[in-house]
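Every number here is computed from the coordinates shown, using simple stated rules; none is lab data. Model, not experiment: these values are computed from the prediction. Heads up, the Cβs are rebuilt from the backbone with ideal geometry, glycines too, and the neighbour counts pull from every protein chain shown.
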Amino acid sequence: MESSLAISRGAKRAPIAWRHVRDQVGLYGAAILLALWTLAPIYLIALSAFSTKAGVSAWPKSLLPTNFSTDTMQFFINSKGVLQSVGNSVVVALLTIAASLLLGAPGGYALARFRFKGKQTIQLSFLISKMFPTAILSVPLAVTFLQLGLYDTVWGVALIHTAMALPFVILLTAGIFVGVPRDLEEAAQTLGCTRMQAFVRVVLPLALPALAAAAIFTFVISWNEVFAATIITLQHRTLPAQVLSSLNDSPLYYRFAGGFFMIVPALIFIFLIRKYLLNMWGSVVR
Amino acid sequence: MAGIKFDSVRRVFGKTVASNDVSLEIKDGEFMVLLGPSGCGKTTLLRCLAGLERVDGGRIYIGDRDVTDLAPRDRKLAMVFQSYAVFPHLTVFDNIAFGLKMQGRPKDEIKRRVQEGAELLQLQDYLARYPAQLSGGQRQRVAVARGIVMQAQVLLMDEPLSNLDALLRLQMRAELKRLHAEIKATTIYVTHDQVEALSLGDRIAVMKSGRIVQCDVPMNIYDDPASVFVGGFIGTPPMNFLKGVVSAEGAPQVVVGESRIAPTPAQTPALAARRGQPILLGIRPENLAFASSAQRNTLRGHVVVVEPLGSHKLLTMQVSGETIKVSVPPDQSVASGNDVWLHFDADKIRWMDAGSGDTIH
Ligand SMILES: Nc1ncnc2c1ncn2[C@@H]1O[C@H](COP(=O)(O)OP(=O)(O)OP(=O)(O)O)[C@@H](O)[C@H]1O
Ligand SMILES: [Mg+2]
């Protein structure tokens, strides 16, 4: 009895194992293709950014770093306006982080903890706000900023970036706060905390790593944003705006170096926080 | 003075009535046990008292204060959560000290009281650890210690020993009883474990579907259940119930299968009022004994299973087509397949209405 059972199980197992292998191959094949799709350009940019100035325009290209050199990068970094724009980018990003967390985290907390009318609608409308291309808004935006005295200031750029980052920050932080069990807050309250104290003493410490990740994500959004930054600045350009505006009258190797310089921080940060980004859609949808 | 009074407390979740106009008074220093099946509203009642759940109706008083609308921290009570709710980012010491720190107690007092609490729950060796480094049972003990060290006048415990092994549970039960005798906090204690309920409670409130169906001292709950539900819920194994019919004429008797059962004089009037009607006979397994022959108040039973349990033998038997449990002394000679006579004293019988299940007095 027992042995016949084992045989029939074994017989069934073979096709299942084969299907499993096929599925795995398919899955990994697709993943590799997808990864190549994004990694190949990055690799090519890196390759050019670290070759000699002549090497950048050499043809045919070698796919291996045969003429490695830091000349190109040095030229880029020492170019007029680059360092200043890096400074602007950092300031804008920091302002964006501060503003979007200050505004977004309470929103996320509310979504995570309270049930209220129209919650679903509100959650959706955050995403709908992302549907309008900045291009449509650019002219009215520039005019308004001129009137408000925000035109060509880091404040103005930070304000736009905050508006862009806010939907993500709210959804991200909602996911984070859902992950902190409500009981812990309640226990703190029965032990003598006000709601606020319970938040500061219990929720915040537990959410801090994830909140830091949300901050980094915001940093990346701001650091990479080019369109709005170009439209509403002249003298006080962020790095992407600076690179974009000098793109037409700069040599090829400058462009590659600039591209690489901009990609790297984003890549590093996204890598550091990947775990939390996957959380964004998963846990808020209850 | 910190008695507790629930006055028609109501809490509704959508269609579920978790607290259905519960009224309950708990005296200062009393140890009240809430007992009932899963989902009957025990936790909800505690949470309403703690201020973690708003009530949809009714008032709650602690002492002579109406606390219905107070924030949890202003109710001055300590609560041990069913889910432990131990803070993962704090060490065991800081967890236990949390409430004392919030009260701004001096450092050495905090240290002393945390030590005491840790000793009581055998946590001395774990004070520097984080909850993630503890077993489930240890975490639960941290939760209990954290509540106890507050020495609040009102202590709420939601299944505080549920995750401990049998031996530790036995120890902790005795410790909690000793502790209560010492600090005399008004205590509400939720449990599924009826032995715990019977051993700890000054009184037991049995709940069902958001209502308290009986609230009394443990022995009365056990001996005199208010309904089939309570009798069938309390006791391991619980009370047996047999269907019968009150005789239509003559002195009121109850016909169960082939047997005729005569009530005690005290029970007679209630039965006389139900002539010809169906009725339920409730009898606890330990109140049945073997008899050598048919006599007054005997039932014919067929032994199906014999389980020797050390202190007694537990029998599963068929009586007039129904399955009952019978507890007999360990030296009683009996084997499955035997047909025996079962005898009982009429005053151990509880009569229940066949329709509503309520006890007839
Ligand atoms: N936040 C809530 N939302 C919706 N329904 C709830 C909520 N809390 C409790 N309930 C429902 O109320 C009823 C009572 O729940 P409660 O937690 O008080 O039961 P309990 O007696 O503590 O059960 P257990 O012994 O399993 O802990 C249950 O039917 C439960 O599903
Ligand atoms: Mg419960």
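Taking 0.36 nm per residue of sequence separation and removing the Cα-Cα distance, the B:VAL245/B:GLN103 pair yields an extension gain of 44.7 nm. The mean count of C-beta atoms from other chains within 10 Å of the C-beta of residues in A:205-215, rounded to a whole number, is 1. Against chain B, whose longest principal axis comes from its Cα atoms, helix B:136-148 is set at around 70 degrees. Among B:LYS325, A:LYS53, the ranking by other beta carbons within 10 Å of each residue's beta carbon, starting with the fewest, stands as A:LYS53, B:LYS325. According to the Kirkwood relation over distinct C-alpha pairs, the hydrodynamic radius of the stretch B:240-353 is 14.5 Å.
FRET efficiency for A:LYS117 and A:LEU252, Cβ-Cβ distance as r, R0 = 51 Å, nearest 0.05?
For A:LYS117 and A:LEU252, the calculated efficiency is 0.35.
Counting only Cβ charges, +1 for Lys and Arg and -1 for Asp and Glu, the dipole size of the protein assembly as shown around its Cα centre is about 1540 debye.
Sorting A:TYR28, A:TYR253 from the fewest to the most surrounding beta carbons within 10 angstrom yields A:TYR28, A:TYR253. Phi angles across the stretch A:66-77 convert, under the Karplus curve 6.51 cos²θ - 1.76 cosθ + 1.60 with θ = phi - 60°, into 3J(HN,Hα) values of 7, 10, 5, 6, 9, 3, 4, 4, 4, 4, 4, 5 Hz, Gly and Pro given as x.
Karplus-derived 3J(HN,Hα) values for the stretch A:213-222, using 6.51 cos²θ - 1.76 cosθ + 1.60 with θ = phi - 60°, are 4, 4, 4, 5, 4, 4, 4, 5, 4, 5 Hz; glycine and proline are entered as x. Ordering A:ILE263, A:ILE231 from the fewest to the most neighbouring beta carbons within 10 Å gives A:ILE263, A:ILE231. A Förster radius of 30 Å combined with the Cβ-Cβ distance from A:VAL139 to A:VAL91 puts the calculated FRET efficiency at roughly 0.70.
Counted residue by residue at 0.36 nm each, then reduced by the alpha carbon distance between them, the extension gain from B:GLU116 to B:ARG275 reaches 50.9 nm. Placing +1 on the Cβ of every Lys and Arg and -1 on the Cβ of every Asp and Glu, with nothing else charged, gives the stretch B:240-353 a dipole about its Cα centre of roughly 220 debye.
When Rg and the Kirkwood Rh are both derived from Cα coordinates, the Rg/Rh ratio for chain A amounts to 1.10. The shape of the stretch A:149-251 can be summarised by an equivalent ellipsoid whose semi-axes, obtained from the alpha carbon gyration tensor, come to 41, 13, 9 Å from longest to shortest.
Counts of other chain beta carbons within 10 angstrom of each beta carbon in peptide B:141-148 average 1.
Sorting A:66-73, A:114-121, B:289-296 by average packing, meaning the other beta carbons within 10 Å per residue, from highest down gives A:66-73, B:289-296, A:114-121.
The H on the amide N of B:ARG284, modeled in the peptide plane, is under 5 Å from the matching H of B:ASN240, each at least 5 residues off or on a different chain. Farthest towards the positive end of the charge dipole of the stretch B:132-246, among the residues B:ALA181, B:LEU155, B:PRO238, is the Cα of B:LEU155, using unit charges on the Cβ of Lys, Arg, Asp and Glu. Lys and Arg at +1, Asp and Glu at -1: add these up for the other residues within a Cβ distance under 13 Å of A:ALA266 and post the number. Neighbourhood net charge equals 0.
Mean partner shielding of peptide B:73-81, defined as the number of other chain Cβ atoms within 10 Å of each residue Cβ, is 4.
The protection proxy used here, the mean number of other Cβ atoms lying within 10 Å of each residue, ranks peptides B:72-80, B:344-352, A:30-38 as follows, highest first: B:72-80, B:344-352, A:30-38. Annotation: amide H-H contacts under 5 Å for B:ARG274 (H modelled 1.01 Å from N, sequence separation of 5 or more, or interchain): none. Close Lys pairs in chain A (alpha-carbon distance under 27 Å; sequence gap of 8 or more, or different chains): 6. Computed from label points 7 Å out along Cα-Cβ, the spacing between A:ALA46 and B:GLN171 is 5.8 nm. A Stokes-Einstein calculation at 25 °C with viscosity 0.890 mPa s, built on the Kirkwood radius of the protein assembly as shown over Cα pairs, returns a diffusion coefficient of 78 µm²/s. As a length-normalised measure over Cα pairs under 8 Å and 6 or more apart, the relative contact order of chain B settles at 15 percent. Ranking B:LEU288, B:ILE261, B:LEU120 by Cα position along the charge dipole of chain B, where only Lys, Arg, Asp and Glu carry charges on their C-beta atoms, puts B:LEU120 farthest toward the positive end. The long axis of helix B:92-102 is offset from the longest Cα principal axis of chain B by roughly 70 degrees.
With the charge dipole of the protein assembly as shown set up from +1 on Lys and Arg Cβ and -1 on Asp and Glu Cβ about the Cα centre, the Cα lying farthest toward the positive end among the listed residues A:VAL92, A:ALA110, A:ALA210 is that of A:VAL92. Under Stokes-Einstein, with the Kirkwood radius over Cα pairs standing in for Rh, what whole-number D in µm²/s applies to the stretch A:91-233 at 20 °C and 1.002 mPa s? Answer, rounded: 130 µm²/s.
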